[in-house]
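Below: the structure, in structure tokens.
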Amino acid sequence: MIGRPVHCENRSKQPGRLPSGRTGMQWRGQPMHRFGTVASHSEYTTIPSSSAIKIRTDVPLTTVALIGCSVMTGVGAVLNTAQVPAGATVAIWGAGGIGLNVVQGAALASAGMIIAIDLLENKLEFARKFGATHTVNAGSTDPIGAVRDLTGRGVDYAFVATGNTRALEQAWASLANGATCVAIGMPGSGEMMQIPSRSIAGSERVLRGSFYGSARSRVDFPRMVELYRSGKLDIDGLINRRYTLAQADQAYRDLAAGDLARGIIVN
């Protein structure tokens, strides 16, 4: 067995429904679908037993809830997908909720240089807090030139934690020979990136995707919890605002404005 559940071919083909095709819940006679086949903004939900991951009970659920998406996606891209070795140089395009966890993953991997790239200065400040050794404001500085100046030859690993295809092209152009670009963000359907064909074979660069941090949830979720408990993974620090359900609209406005590292909605 390979053990790659994120690529399960038998997962539900019907968004918002259980693997059986049912929704599991109704409201006034109508089926209630759930975001991500799990839930969104609800205190209780119905899930298949295969989706329930046992973790220890001495950790706050409002904190470890973040493992379920941004933490696992970002940290996993570094530790699972790319398997970044100690001393490697790393650049991250996008310092949002996922990008900050790529930064944390690179720090956990003992990367020699961690360069965070974003358009917003407050997000770059977040990145420095979580372990970025260098930051680049792509709104005022050419990120390709900046990365090459900092590393002297190009970066060993470039992670793109944004759905912007231009960022993918910049990350590819910033690679050293034999280096790897990991695409995490999801561009819009039908969007295309352009890279020089000769730069693939000629420089032995690698472009690969990372979906959900290449996670094996039953193994990796408890692993993230232990990293959190040991103080090696800062999840509490990601949460810079808390909201009630009645403030959900404001939470989304703050997210769109780039004011959040991570915000959580609690009842």
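Only one of Gly163, Gly97 is at pLDDT below 95, in contact with a strand residue (DSSP E or B) (Cβ under 6 Å, 6 or more places away or on another chain) and among the small types (Gly, Ala, Ser). Can you tell me which? Walk me through how you get there before you give the answer.
Values: Gly163 fails: in contact with a strand residue (DSSP E or B) (Cβ under 6 Å, 6 or more places away or on another chain).
From the options Gly163, Gly97, the qualifying one is Gly97.
Scanning segment 197-256 for residues that are of a type in the set (Phe, Trp, Tyr) and under 21 Å from Phe159 (Cα atoms), we see that the one that is surrounded by the fewest Cβ atoms within 10 Å (Cβ to Cβ) is Phe211. Within segment 80-92, residues that are more than 17 Å from Leu168 (Cα to Cα) and not assigned by TED's automatic domain parsing to the domain that holds Gly3 have Cβ atoms under 7 Å from residues that are among the hydrophobic types (A, V, I, L, M, F, W, C) and modelled with pLDDT under 95 in these pairs: Asn80/Ala215, counting only partners at least 6 apart in sequence or on another chain.
Asp259 - would you say it is modelled with pLDDT under 90, surrounded by 13 or more Cβ atoms within 10 Å (Cβ to Cβ) and not aromatic (Phe, Trp, Tyr)? Answer is yes for this residue. Kindly indicate whether Val102 is in the same structural domain as Pro196 (by TED's automatic domain parsing), under 24 Å from Gly237 (Cβ atoms), touching a helix residue (DSSP H, G or I) at 6+ places or on another chain (Cβ under 7 Å) and not aromatic (Phe, Trp, Tyr). For Val102, the condition - in the same structural domain as Pro196 (by TED's automatic domain parsing), under 24 Å from Gly237 (Cβ atoms), touching a helix residue (DSSP H, G or I) at 6+ places or on another chain (Cβ under 7 Å) and not aromatic (Phe, Trp, Tyr) - is met. Annotation note: Cβ proximity below 8 Å between a residue of segment 29-49 that is hydroxyl-bearing (Ser, Thr, Tyr) and a residue that is outside any loop (DSSP other than H, G, I, E, B) (sequence gap 6+ or interchain) occurs for Thr37/Ser51.
For Asn240, the criteria (1) assigned to a strand (DSSP E or B); (2) in contact with a Leu (Cβ under 7 Å, 6 or more places away or on another chain); (3) modelled with pLDDT of 95 or more hold in every case but one, which is (3).
Would you point out which residue out of Ser189, Ser210 is modelled with pLDDT under 95 and not basic (Lys, Arg)? If you could, list the steps in order and put the result at the bottom.
Numbers: Ser210 fails: modelled with pLDDT under 95.
After ruling out the rest, the residue left standing is Ser189.
Could you check segment 198-220 and list, in sequence order, the residues that are in contact with a Gly (Cβ under 9 Å, 6 or more places away or on another chain), within 20 Å of Ala171 (Cβ to Cβ) and not in a loop (DSSP other than H, G, I, E, B)? Scanning segment 198-220 gives Val206, Tyr212, Gly213, Ser214. If a residue must be in a helix (DSSP H, G or I) and either under 22 Å from Met186 (Cβ atoms) or of a type in the set (Phe, Trp, Tyr) (or both), how many such residues does segment 56-112 contain? Total satisfying the criteria: 27.
Could you pull out the residue among Ile184, Ile114 that is of a type in the set (Val, Ile, Thr), modelled with pLDDT of 95 or more, surrounded by 13 or more Cβ atoms within 10 Å (Cβ to Cβ) and within 11 Å of Val90 (Cβ to Cβ)? Break it down stepwise before answering.
Details: Ile184 fails: within 11 Å of Val90 (Cβ to Cβ).
Every option except Ile114 fails the conditions.
So for segment 23-35 (the condition being under 22 Å from Gly263 (Cβ atoms) and of a type outside the set (Asp, Glu)), does at least one residue qualify? Within segment 23-35, one or more residues are under 22 Å from Gly263 (Cβ atoms) and of a type outside the set (Asp, Glu). The number of residues in segment 161-206 that are among the hydroxyl-bearing types (Ser, Thr, Tyr), closer than 20 Å to Arg148 by Cα and in contact (Cβ under 8 Å) with a residue 40 or more places away in the chain comes to 2.
The values are calculated or read from the model by the stated rules, or taken from the named source; none is laboratory data. It should be emphasised that the depicted structure is a prediction, and the values quoted were computed from it without experimental measurement. Backbone-built Cβ (ideal geometry, glycine too); neighbour counts: all protein chains shown.
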